[in-house]
Amino acid sequence: MKKSLIALAVLAAAAGSASAQSSVTLFGIVDATLAFGRGSVSNKTQLTNSGYNSSRLGFRGTEDLGGGMSASFWLEAGLTNDNGTGAGSNSNNQAGGAAAANAGGQGLTFNRRSTVSLAGGWGELRLGRDYTPQFWNLTVFDPFGTNGVGTTQTLNSIITGVTAVRASNSIGYFLPGNLGGFYGQLQHYRGENNSGAVTSGDGTGTGVRLGYAAGPLNVALALSRTDYAAGDVRQSNIGAQYDFGVGKVMAHISRDQNGALDGRGWLLGGLFPVGAGEIRAAYSRYSTDAAGSPSSRKLALGYVHNLSKRTALYTTYARVKNSGGAAAALNGSVTTVNGSSSGYDFGIRHAF
């Protein structure tokens with residue numbers, strides 16, 4: 001009997017030690033947006049989502065392996081909380097791998113991120129679906145974080161297609177965080193096609209991002225190439241931010257290629273704290289060398305009021321002007337070629 005009690009005590013202690021070295025977290029954001037879009041052809045009013053932060057539901061966990069090593073997982077699904085459906089994904093970084101138009105019919109998909117990682121003093125090795133290096137500068141150096149009607153036109157009008165934001169089947173490496181402010185990411189992703197066809201390399205690519213963040217300065221450069229038989233896709237951008245204390249000023253410049261088509265864009269913006277809130281402002285432009293040199297210019301202005309650390313109210317106004325044959329429109333509206341469009345967002349964001 002005494003031996004049995006001792007064995008049980010040892011097992012309980014071991015279980016307690018294991019649980020102390022591991023953690024699993026449920027997290028998410030629910031962001032509801034009342035969005036108005038105005039165009040010269042048609043207008044649209046809708047209750048949508050993700051006007052400030054992308055709505056999501058996620059699970060993440062870490063296990064301490066000892067000796068400075070750890071293993072972790074991250075499963076994050078996009079939510080369209082205005083109608084209760086999930087968000088679509090892409091299986092092979094190609095148009096044919098896109099999810100069905102009715103994403104909700106597939107149930108919940110971990111389209112935002114689904115990775116497993118091994119990390120140590122040498123950095124982090126990450127496998128699965130994840131953000132691409134070429135996307136980070138567009139969102140980090142955008143006052144609106146590429147969400148809502150204020151999203152930079154360098155992303156809204158981008159010509160690079162499927163891997164502009166995320167890539168599936170990726171192998172990524174991140175530099176450790178103790179390099180005196182230097183940071184970086186290298187990622188290779190696969191299209192996973194059978195060999196022997198002209199399109200066997202489609203959806204396979206590599207991206208890299210290197211940056212430096214210390215004190216008030218943050219600057220980064222990103223380059224990428226994705227292979228397609230119809231014409232390779234290249235994406236490059238550089239972004240920077242400087243914190244003056246009374247506000248943060250940021251900018252980025254991008255150049256993209258999709259086969260023979262070239263695109264160029266830039267953004268200048270800032271974030272300015274006001275009491276419990278923050279003013280956001282940005283001006284962005286994107287144009288291509290297609291016939292007529294289509295170009296779209298956007299001015300966006302917004303305000304976020306924090307009710308708490310987790311809950312915020314926000315509003316954004318944006319207006320886009322087109323020229324050279326462009327017809328970009330906001331919040332689901334439709335405008336004529338070379339016409340203008342405006343949009344408003346009013347919403348609430350709650351994080352948990």
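What follows draws every value from the coordinates through simple rules; no lab data is involved. No experiment lies behind these values; they were computed from the predicted model shown. Using ideal geometry, Cβ is built from the backbone for each residue, glycine included, and neighbour counts are taken over all protein chains shown.
List the pair-distance distribution P(r) of segment 257-326, using every Cα-Cα distance, as the percent of pairs falling in each 10 Å bin from 0 up to the bin containing the longest distance, rounded to whole percents.
So the P(r) values, bin by bin, are 19, 34, 24, 16, 7.
On a full-extension model of 0.36 nm per residue, what is the gain between LEU179 and LEU307, subtracting their alpha-carbon distance, rounded to one decimal in nm?
Computed gain between LEU179 and LEU307 is 42.4 nm.
Quick check: Cα centre of segment 162-231 to Cα centre of segment 61-84, how many Å?
20
Could you list PHE27, PHE272 in order of exposure, starting from the residue whose Cβ has the fewest other Cβ atoms within 10 Å?
By the 10 Å Cβ count, ascending, the order reads PHE27, PHE272.
Given a 10 angstrom Cα cut-off, can you work out which residue in GLY172, GLY61, GLY148 is the most mobile in a GNM of the chain?
The residue that fluctuates most here is GLY61.
Please report the net charge: other residues with Cβ closer than 11 Å to the Cβ of ARG129, K and R +1, D and E -1.
+2
Of ALA98, ALA214, ALA32, which has the largest mean-square fluctuation in a 10 Å C-alpha GNM of the chain?
Comparing ALA98, ALA214, ALA32 in a Gaussian network model of the chain, the most mobile one is ALA214.
Compare the Cα positions of THR206, ASN193, HIS305 along the charge dipole of segment 27-351 (+1 at Cβ of Lys, Arg; -1 at Cβ of Asp, Glu; about the Cα centre) and return the one farthest towards the positive end.
The residue sitting most towards the positive pole is HIS305.
Using 0.36 nm per residue of separation minus the Cα-Cα distance, give me the extension gain between ALA291 and LEU261 in nm, one decimal. Mind dumping the intermediate values first?
Details: separation 30, 0.36 × 30 = 10.80 nm, distance 1.02 nm.
9.8 nm is the gain from fully extending ALA291 to LEU261.
Of GLY325, SER287, LEU271, which is farthest along the charge dipole of segment 241-352 in the positive direction, counting Lys and Arg as +1 and Asp and Glu as -1 at C-beta?
Selected residue: LEU271.
Determine the relative contact order of the chain: mean sequence separation of Cα pairs under 8 Å and six or more apart, normalised by residue count, in whole percent.
17
Who wins for biggest fluctuation among SER70, SER50, SER254 in a Gaussian network model of the chain, springs between alpha carbons below 10 Å?
Highest fluctuation of the listed residues: SER70.
Can you give me the angle between helix 2-20 and the longest principal axis of the chain, using Cα atoms only, in degrees from 0 to 90, rounded to the nearest 10?
For helix 2-20, the angle is close to 20 degrees.
Mind jotting down the distance between the C-alpha centroids of segment 241-269 and segment 284-352, whole Å?
With segment 284-352 and segment 241-269 each reduced to a Cα centre, they are spaced 16 Å.
Rounded to the nearest 20 Debye, what is the dipole magnitude of segment 27-351 about its Cα centre when Lys and Arg each give +1 and Asp and Glu each give -1 at the C-beta? Don't skip to the end; give the middle numbers.
Values: 25 positive and 18 negative charges, 135 e Å.
About 640 debye.
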